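Following: one structure in structure tokens, then a few remarks.
We did not get these values from a lab; they are worked out from the coordinates using the rules stated. Nothing here was measured: the structure is a model prediction, and the numbers come from that model. Positions of Cβ are generated from backbone atoms using ideal geometry, with glycine treated the same way; all protein chains shown enter the neighbour counts.
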Amino acid sequence: MSKNAISNSVIRRLPRYYRFLGELENNGYIRISSRELAEKMGLTASQIRQDFNCFGEFGQQGYGYNVSGLKMEIGKILGLDKQTPMILLGAGNLGRAIAAHLDFKNRGFDLIGIFDTNPDLIGMEIGELKINSIDQLEAFCNEHHPEAAILCIPKEAAAVQAEKLISYGVHAFWNFTHYDLRLEHKDVAVENVHLGDSLTTLSYCINSNDNK
């Protein structure tokens, strides 16, 4: 099946499959049936089989799925066997937390540069990386060729910086800015993160609980 034909809902379930299979592997599971996996994940066995069939035949009739093998195959589908070079723009509280605490290497990325406009932050170290001035961005991109960028900058700066990054060869964004990058660039890969929306959704779930 063409990647373009796979629904977004299936794609968004893949990281959850990968995480659950990793937990099963750590707990000593060798194999698991679609029914058992469905029970653990709150899905249906049919849904799991349909999802996996989008990418190939991973199970065996009467045996189920090899946990380690299936986790490895899903990891390949997600691109976790590669290391996409990535940079981060915006070393405020959120940017520093992401740079310091997220396990990039096990999620398919290699964070190679951090940039900010604040002179008080420039030169500060986060792990093995120093925060660079945004003035160094073009030269850095020309030398190291990052393919992806994390945007933790103000919304009003996002459009200008995104245009520059795209011209420097960046074609994927993890976007925390609330600026819609696809308004002008429909061919870039964008994952928008709206933390406030997520919290508001939690508020809805609490307040719509019929048992209250």
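With each label modelled as a point 7 angstrom along the Cα→C-beta vector, the Tyr63-Glu156 pair spans 6.1 nm.
Just report the Cα centroid separation between segment 148-168 and segment 33-111, whole Å. Distance between centres, Cα-based: 27 Å.
Label-to-label distance, Leu78 versus Ser133, with points set 7 angstrom from Cα along the beta-carbon direction: 3.9 nm.
Among the listed values (1) 158; (2) 171; (3) 123, the one computed from these coordinates for volume of the Cα convex hull per residue in Å³ is (2). Remark: the Cα gyration tensor places segment 84-197 in the rounded category, a/c being less than 1.5. Within segment 42-138, antiparallel bridges make up roughly 25 percent of the DSSP beta bridges whose residues both belong there. Residues in segment 172-178 carry Karplus couplings, in order, of 8, 9, 9, 10, 9, 8, 6 Hz; the curve used is 6.51 cos²θ - 1.76 cosθ + 1.60 with θ = phi - 60°, and Gly or Pro positions show x. Averaging the sequence gap over all C-alpha pairs within less than 8 Å and six or more residues apart, then dividing by the number of residues, gives the chain a relative contact order of 13 percent. Between Thr44 and Ile112, residue separation times 0.36 nm minus the direct Cα-Cα distance comes to 20.4 nm.
Between the exposed loop cleavage positions of the chain, defined as GluC sites (Glu not before Pro) in a non-H, G, I, E, B DSSP state with at most 13 neighbouring beta-carbon atoms within 10 angstrom, the longest gap is 58-127.
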